[in-house]
1. Quick check: anything in the stretch B:43-55 out of contact with any strand residue (DSSP E or B) (no Cβ under 8 Å at 6 or more places or on another chain) and within 24 Å of residue B:433 (Cα to Cα)?
2. Does the stretch B:290-297 include one or more residues that are touching a Lys or Arg at 6+ places or on another chain (Cβ under 9 Å), at the interface with chain A (Cβ under 10 Å from one of its Cβ atoms) and surrounded by fewer than 18 Cβ atoms within 10 Å (Cβ to Cβ)?
3. Quick check on the stretch A:66-84: of everything there that is open to solvent by less than 50 Å² (accessible area, probe 1.4 Å) and of a type outside the set (A, V, I, L, M), which residue is nearest to residue A:37 (Cα to Cα)?
4. In the stretch A:67-92, what residues are more than 12 Å from chain B (Cβ to nearest Cβ) and either of a type in the set (S, T, N, Q) or closer than 23 Å to residue B:260 by Cβ (or both)?
5. Out of B:97, B:145, which single residue is surrounded by fewer than 24 Cβ atoms within 10 Å (Cβ to Cβ), within 14 Å of chain A (Cβ to nearest Cβ) and either touching a residue at least 24 places away in the same chain (Cβ under 8 Å) or more than 21 Å from the chain's Cα centre (by Cα) (or both)?
6. Which one of these does residue A:229 not meet: (1) more than 10 Å from chain B (Cβ to nearest Cβ); (2) crowded, with 23+ Cβ neighbours inside 10 Å?
7. Which one of these does residue A:245 not meet: (1) within 30 Å of residue B:489 (Cβ to Cβ); (2) more than 9 Å from chain B (Cβ to nearest Cβ)?
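The values are calculated or read from the model by the stated rules, or taken from the named source; none is laboratory data. Owing to the predicted nature of the structure, the values given are computational and were not obtained by experimental measurement. Here the Cβ positions follow ideal geometry from the backbone for every residue, glycine too, while neighbour counts run over all protein chains shown. Ligands, DNA and RNA are stripped out before the accessible areas are found, and what is left, the full protein with its side chains, is counted by its heavy atoms. Shrake-Rupley method; radii C 1.70, N 1.55, O 1.52, S 1.80 Å.
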There are 2 protein chains.
Amino acid sequence: MALTDISYPTDVSMNTDLYELTMAQGLWESGRLEEQGCFTVFFREAPFGSAFAVMCGTAELGEFVENFRYTDEDIEYLAELDAPGGGRLFKPAFLEFLSSFKPRVDIDAIAEGELVFAREPMVRVSGPMLDCQLLETALLNIVGFQTLVATKTARVVQAAAGRPVAEFGLRRAQGPDGGVAVARASYVAGAASTSNILAGRRYGIPVSGTHAHSWVLSFPTELEAFRAFAASSPKNCTLLVDTYDVREGVQNAITVAKEMEVAGERLAGIRIDSGDLARLSAYARTRFDEEGLGYVKIVVSNDLDEHTIASLLSQGAPIDAFGVGTKLATCYEQPALGCVYKLAARRSSTSAPWTPVMKFSEQPFKRTIPGVQGVRRYFGKNGGPACDMLYDEAYLAGEGAARGTTLVAVNDAALVMDVSALEARELLEPVVRTGCAVAPREDIEVARARCAAALGALDPEYKRFLHPQAYTVGMERGLAAVRDRLVQERMPAAPPVPHR
Amino acid sequence: MALTDISYPTDVSMNTDLYELTMAQGLWESGRLEEQGCFTVFFREAPFGSAFAVMCGTAELGEFVENFRYTDEDIEYLAELDAPGGGRLFKPAFLEFLSSFKPRVDIDAIAEGELVFAREPMVRVSGPMLDCQLLETALLNIVGFQTLVATKTARVVQAAAGRPVAEFGLRRAQGPDGGVAVARASYVAGAASTSNILAGRRYGIPVSGTHAHSWVLSFPTELEAFRAFAASSPKNCTLLVDTYDVREGVQNAITVAKEMEVAGERLAGIRIDSGDLARLSAYARTRFDEEGLGYVKIVVSNDLDEHTIASLLSQGAPIDAFGVGTKLATCYEQPALGCVYKLAARRSSTSAPWTPVMKFSEQPFKRTIPGVQGVRRYFGKNGGPACDMLYDEAYLAGEGAARGTTLVAVNDAALVMDVSALEARELLEPVVRTGCAVAPREDIEVARARCAAALGALDPEYKRFLHPQAYTVGMERGLAAVRDRLVQERMPAAPPVPHR
């Protein structure tokens, strides 16, 4: 089994936006090859109305960076690109530089399966500005989508309340690699299995499946179809009972279940894929129980998400397992996390001091947090996370203060807290140093266990679907002061740009 | 340039659901290797409230089928899978069969860029049931997502009313191959360019880009950043003016534009990525015009979709081009088309007659159309499409009727039309015969031209965003009668499954 495959294609360097290369050429041309940048990846709001997200994608970053190369074919393509105003877009000497380029960055990231909150650095990339820039697009793609899917899955699994959730969204996924990423991230966040055998082969994720309506339609009668499936897959027999009519389907499944008993086998379950799943599952459960077939499990599917699952279970529907496809695989409710990759500090060389920088934008919501950010998680007496605090490593080092303990909330400067009494843990862990992964890829089971533990320790108030408690993410007071200073310096003259 | 690359990974055979293989084993085991199926791919409702969709993905089907192979590594993986009830899931002799498997199917499909409507066969796959089954998941993934993106793009391009639309959603795409599929499908449907250089290299799509906020932040001042970018990219210089404040940004861009003029160059444009784009674009246009820089284009971006673009232009915003990312790349409003792959006819061998089959389900909405379906488009006097009619090739052949001309609407049996006076054209074209592509991959420019022509010929009533006119898709009267007969035969006894 090839556990070292990544869900990312081999063309990692080309899976990017043109402007990364245009900017790289600009840096190269002006001789700014040693100019250092520190970028952070973050999202501005947790998805799906959730208070939190589940970090995912971290385990792929090492191999992503190590495999980042421009091939001869790539260079040849880039050499042929025309600039809109005339001439070639890229200079031959720059392409020569690119052809031997290897990113020399350091990457620190929150571990896979860990909880992550809005505005905090999920990933921090530092090193030569040019190198950092070239990684942006693919890195956002890897981390953003997998974190989105892991978060959605955590919600679906929570709603299922201990019943297994099978991910089977590949056919509706946004591209084939999207399907692999879905299977991977959903397993980290607690799905029991995937239908995707490529993901199964790559990551060792358990695979599962039943049969399609076409199986039933390919026989003259449903009963013949069920008998044939039971004969072929006696140890993996879950029958889809809604091709024609669930009452008939359940009756045919009962017939086959009894025939299987005679042959020393057991029908594993039935699946219902349409109609009122609360009503039909209750009907099926009653019928199987009446026939002494209490062991037959009832599996349901059909555009399920956390809200439908919670509703079914609150109605007492006797469902044993859920198959979840489209709404998980595409994160239907909100198909993008909106991760961004923003420059937070720069310096002219590795020996110069860091200068914190901040993007203002025309929307206050889009203003960034400056500095070489670290993030620390503080825990309450029950062991659950209480709040997170961003700090500026460079600033704290400069001040000689080993640790600031006054937190100023990112979204409300009036919320100030003393965190000195709380236990704390650093969240960013080294992943890449000077372009090399610091460790082999982490086993997906480790990430899955970390996720289960993190979700288990989180207070229920943060996990409810309707109006969850907001989790406090703050800045260490010194960092907040730096941000305030930058804001004062950039304060524009009122009034704003007038309306016409 | 490698124009023959496909947006699909090499693992085409493994990018599938486990149950396809379980069913294949069932067919193999029962010796039904010559059993023939005819499957159709369709969607039940057009996305985004649109009356139509834009077919996309067809050009990749030939290579998909020709590259469909199980490798030794695949077989080894499958051999190790355990059945839930004990033992191995797959029998060694079946895996031996798989290891030399090549699909022997025929595929007919609607050409790329053509309009397609709900319920009609976008793709028809016929051949050995087993072979058809194994293609299902990947085929749905290819055609479903690209058709969704092409449809979304057609709407965005329509809203932009002749102004170029640049696709730059890769960073928010659902996986890297998702990003390539987005670039490909959006170019077919009228986007002017993509930011994605991998898609540019594979398909020869024009690539475009500006620079990021980080470029500005990496310099002490915005003016220095603009000057450096103009020096490095004088023939491709569009300046992002909202890193700090658009008024300052525009002023700095004016300064640089005048310096460029002295050097014999021209500033191509500016980009605004935040704030009120109507107000800010008007402000920028006024300022550039006041300074005699009427040639500087105004590009905007920031979570745009067809509705925001239409609103901006209805306000008279002087915008020259749009950059569209997240909402196009993820089809944010509806991230899945919901394509299905349903068995519509079967026969015991190639010499036996076809038997039409129909899935009933517990939801009438999910009932399928039976038969070896063809689909014909009828055109009105203005040259635009008037209605589409599905017919059963096998039925018509049997009846000796070359062509039925009475249409019964799929969703309303009371809507009956005589189409004998209309010009008609067959929509399904041969793509694969006995597992081999009938022609080399079509040039993407051909599909793009076909799409532009099809959209141009479509009456505006079908294209408006609010309450578009519904397009009539019907069944040829003989096919409708076959469906009626199947419904009568399967009529369940009332009442339905009772509530508890």
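1. no
2. No, every residue in the stretch B:290-297 fails to be touching a Lys or Arg at 6+ places or on another chain (Cβ under 9 Å), at the interface with chain A (Cβ under 10 Å from one of its Cβ atoms) and surrounded by fewer than 18 Cβ atoms within 10 Å (Cβ to Cβ).
3. Out of the qualifying residues, it is A:68.
4. A:67
5. After ruling out the rest, the residue left standing is B:97.
6. (1)
7. Every listed condition holds for residue A:245 apart from (2).
One line per residue, one yes/no per condition, for (1) surrounded by fewer than 16 Cβ atoms within 10 Å (Cβ to Cβ); (2) within 29 Å of the chain's Cα centre (by Cα):
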position: B:247; (1), (2): no, no
position: B:281; (1), (2): no, no
position: B:324; (1), (2): no, yes
position: B:333; (1), (2): yes, yes
position: B:337; (1), (2): no, yes
position: B:353; (1), (2): yes, no
